[in-house]
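Read-outs throughout are calculated quantities, based only on the coordinates presented, and are distinct from any laboratory measurement. This structure is a prediction, so every number in the text was calculated from the model and none was measured. Cβ coordinates were reconstructed from backbone atoms using ideal geometry, including for glycine residues, and neighbour counts include every protein chain displayed.
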Amino acid sequence: MEFKPEKYSIEDESMKPFIDAGEICDYINNANPTKESVRKIIEKSLNKNRLNLQEVAVLVNTNDPELVEEIKAGAKKLKENVYGNRIVLFAPLYVGNLCLNDCKYCGFKSSNKNAVRKTLSKNELIENVKALEEQGQKRLILVYGEHKKYSPEYIAETVRTVYDVKIGNGEIRRININAAPLDIDGFKIVKEAGIGTYQVFQETYHPEAFKIYHQKGAKANYPNRLTALDRAQVAGIDDVGIGVLFGLYDWKFEILSLIRHTNHLEACYNVGPHTISFPRLQDASENDIDEKYKVSDEDFTKIVAILRLAVPYTGLILTAREPENIRKEVLQYGCSQIDAGTKLEIGAYAESPEIDQNLNKEQFLINDSRTLNEVIDELVNDGYLPSFCTACYRLGRTGEHFMEFSVPGFIKRYCTPNAILTLTEYLIDYAKPETAKKGWKIIDENINKMSDSKRKAEVIKRIEKIKAGERDLYF
């Protein structure tokens, strides 16, 4: 039966909902994988071509263990071809958890009377940023509840405050935002503060499931949330991030919807999502969730590999919701960004490092609570190149300009040198001695692999400048 979305009021009538649940279900129901078709699709992706909905449907329906392993191997190869072995690191910083929504899966929902509500004061915000800078963090994502207090003006003010915090060689060079959808004027205000990527996750793209989970607050307006990043694009924010919370509805439907959203952004603005996130549902205070759609570890690793093949150019964000062993495995299949040293309790970065996780103080539980240095240590052990790079954002390689470099796979030319330079800073300023020893070895290995002799010589030259005291050098 053809799906017909309900009528909602939308601020901009030109921005209509673009998810047709019936169409997506038809793609899934009619996709019949064969060895020939799956291998042909993998080959298409390895040539750095975007996959269409029909092709993605074939991959999500692939259950043959041999072919699933080929999908994962293809994703691993594609990630190496496009991004190299670098992994970008960041930290989430929760600014406030006041919220007017009542999402059934979230510890911050308005009906949760046990939740400890807090908004960081300006001084508390500064102290937490200092603590993050002292760890070596250079990239943050600021997270806000959906509440009238967290207006565009307020978000912009906190962004400027964070950028102004400097301690030693520490500074935050890129601030991304995860907050409620704004109108076009609101997005313009936030853009002027110098943000990087603006994230709005649909949580679930299935309209009926969405309605079940979001019955109160502004978030209950499905089309308003779905078209939020259209308004961001119109306002001039050309770096946007999409995502779903896997576990709310069937994961196959959600993957195809993410690709449909990507298609929509590309068609309307010539710019796809800068990042795609794929968090799995975790325990939260007073959550009310049917585990019918719980995603297994086996399916989760497959999800990551399919997303990498489906959208070769976009960054894939893996969060600390996942335990160490899963993070370690799926990094191979195409993830390009991870958080590290994560604390979700508001204000926790500036407090004791021994704080116990408390569901009444956090949005949900995390499963990887290792320090930034511990994560970096494992990354270099596994042959990855940790990166704090912010060069593309600061040199205007965003939006269509980013697509020009990333779609054909040229972005690697910048990723590896900039990763080397930012890791050099970390090793000198923050790393523990044993981690520094391993880090210098991985830097030497990556320099030796560089084929461009002029770029190689310039990287070596800039490393010496950093050793001499200069900072923030990039290509």
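In the chain, the DSSP beta bridges split such that about 10 percent are antiparallel, to the nearest 5.
With a Förster radius of 25 Å applied to the beta-carbon distance between residue 30 and residue 63, the computed FRET efficiency rounds to 0.95. Shown is the FRET efficiency for residue 289 and residue 441, computed with R0 = 60 Å from the Cβ-Cβ distance and rounded to the nearest 0.05: 0.85. Centre-to-centre, using Cα atoms only, the range 146-178 and the range 80-143 are separated by 11 Å.
Per residue, the convex hull spanned by the alpha carbons of the range 4-143 comes to 229 Å³.
Within the range 435-475, the GluC sites (Glu not before Pro) that combine a DSSP coil assignment with at most 15 other C-beta atoms in a 10 angstrom radius are 470. For the chain, the equivalent ellipsoid derived from the alpha-carbon gyration tensor has semi-axes of 32, 28, 21 Å in decreasing order.
Exceedance of the 28 Å cut-off in Cα-Cα distance is limited, within the set 130/432; 149/211; 138/294; 16/44, to 138/294; 16/44. For residue 371 and residue 54, the difference between the fully extended length at 0.36 nm per residue and the C-alpha to C-alpha distance is 110.0 nm.
Would you work out if the range 96-255 is rounded, prolate or oblate? Take a ≥ b ≥ c from the square roots of the eigenvalues of the alpha-carbon gyration tensor; rounded if a/c is under 1.5, else prolate when a/b is larger than b/c, oblate otherwise. Walk me through the numbers before you get to the answer.
Details: a/c = 1.85, a/b = 1.51, b/c = 1.23.
Taking the square roots of the gyration eigenvalues as a ≥ b ≥ c, the range 96-255 is prolate.
For residue 202, the residues whose amide H sits under 5 Å from its own are 243, ignoring neighbours fewer than 5 places away on the same chain, with H placed 1.01 Å from N. Scalar couplings 3J(HN,Hα) for the range 113-118, obtained by applying the Karplus form with A = 6.51, B = -1.76, C = 1.60 to θ = phi - 60°, are 6, 8, 5, 8, 8, 7 Hz; x denotes Gly and Pro.
With θ taken as phi - 60° and the Karplus curve 6.51 cos²θ - 1.76 cosθ + 1.60 applied, the whole-hertz 3J(HN,Hα) list for the range 291-298 is 7, 3, 9, 4, 9, 6, 4, 4 Hz, x standing for glycine and proline. Using 1/(1 + (r/R0)^6) with R0 = 35 angstrom and r between the beta carbons of residue 329 and residue 184, what's the FRET efficiency to the nearest 0.05? Calculated transfer efficiency: 0.30.
By the beta-carbon count within 10 Å of each Cβ, the least crowded to most crowded order of 440, 251, fewest first, is 440, 251.
How about residue 465: which lysines have a C-alpha closer than 16 Å to its C-alpha, ignoring those fewer than 8 places off in the same chain? List returned: 456. Largest first and in whole Å, the equivalent-ellipsoid semi-axes of the range 161-290 read 27, 19, 15, each the square root of five times a Cα gyration tensor eigenvalue. When you count the other C-beta atoms within 10 angstrom of each residue and take the mean per peptide, 223-231, 18-26 line up highest first as 223-231, 18-26. Above 16 Å lies some portion of the pair distances; for the range 412-467, what is it as a whole percent of all C-alpha pairs? The calculated P(r) of the range 412-467 puts 36 percent of pairs beyond 16 Å.
All Cα-Cα distances of the range 87-150, cut into 10 Å bins from zero to the largest, leave 20, 43, 28, 9 percent in each bin in turn. For the range 59-77, the residues whose amide N sits under 16 Å from a probe point set 7 Å from the Cα of residue 296 along the beta carbon direction are 60-69. Working from Cα pairs under 8 Å separated by at least six residues, relative contact order for the chain is 20 percent. A full extension of the chain between residue 382 and residue 434 corresponds to an added length of 17.2 nm, given 0.36 nm per residue minus the alpha carbon distance. Applying a threshold of 19 Å to the alpha-carbon distances of 76/438; 113/216; 48/77; 109/219 flags 76/438 as lying beyond it.
Estimated purely from DSSP H runs of n ≥ 4, each contributing -39500 (n - 2.57), the mean residue ellipticity at 222 nm for the chain is -14000 deg cm²/dmol once divided by its residues.
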